[in-house]
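Here's the structure we're looking at; comments come further down.
Rule-based calculations on the coordinates, nothing more; no lab input. Just so we're clear, the structure is a prediction, and the values are computed from it rather than from any experiment. With ideal geometry, Cβ positions are generated from the backbone for all residues, glycine too; neighbour counts draw on all protein chains shown.
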Amino acid sequence: MTKLYEFSANTLQGQPFEFSSLQGKVVLVVNTASQCGLTPQYEGLQALHEQYAEQGLTIIGFPCNQFGQQEPGSASEIQQGCLINYGVDFQMMEKIEVNGDNAHPLYAYLKDALPGLFGNKIKWNFTKFLLSKDGQPLARYAPTTKPEKISKDIEKALSA
């Protein structure tokens, strides 16, 4: 079994989510923040979700407060902000850490599989990881890479 499918996390509503349910899906994992200069990327992520979900794309957002304390809110505040400000209805998870000793195991795995420019660390909010239908990490995108710029990679992964 692919390593991705061994992970689990809790949704923003506190419900368990097993990544084994993602088998056969192309997955985009993003660490998010509500008070970041890049927060408008929620719009682009939602557009990708609307365009590709029926073809097999799953977007998973992980709120994180490790970069400039830009995600200080509670789960309900994060949920309200995502919904009201950006119409987000893709899967949002509970707030996690992506760097350091308390990093979520999924992020430890993704950083090892696809190190970034600064090595085995997430540089900032809205770092994106694309995974294939069989759960293999395909690509890592910088925080400043707008979601619409990765649509061709998503299409290629969906057609593979």
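Below are the figures for this structure:
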quantity: From Ala157, Ala47, Ala108, Ala142, residue being out of contact with any Asp or Glu (no Cβ under 8 Å at 6 or more places or on another chain), surrounded by fewer than 20 Cβ atoms within 10 Å (Cβ to Cβ), of a type in the set (Gly, Ala, Ser) and closer than 21 Å to Leu22 by Cα; calculated: Ala108
quantity: In region 114-132, the residues that are surrounded by 15 or more Cβ atoms within 10 Å (Cβ to Cβ) and either in contact with a His (Cβ under 8 Å, 6 or more places away or on another chain) or not basic (Lys, Arg) (or both); calculated: Leu114, Gly116, Ile122, Trp124, Asn125, Phe126, Thr127, Phe129, Leu130, Leu131, Ser132
quantity: Search result, residues across region 50-78 that are touching a strand residue (DSSP E or B) at 6+ places or on another chain (Cβ under 7 Å) and assigned to a helix (DSSP H, G or I); calculated: Ile78
quantity: Region 50-62: number of residues that are in contact (Cβ under 8 Å) with a residue 60 or more places away in the chain and either farther than 19 Å from Ala157 by Cβ or buried (at least 20 other Cβ atoms within 10 Å of the Cβ) (or both); calculated: 1
quantity: Odd one out for Lys123, checked against (1) on the phi < 0 side of the Ramachandran plot; (2) in contact (Cβ under 8 Å) with a residue 40 or more places away in the chain; (3) assigned to a loop (DSSP other than H, G, I, E, B); calculated: (2)
quantity: Lys111 vs. criteria part of a loop (DSSP other than H, G, I, E, B), under 23 Å from Phe7 (Cα atoms) and touching a Lys or Arg at 6+ places or on another chain (Cβ under 8 Å); calculated: no
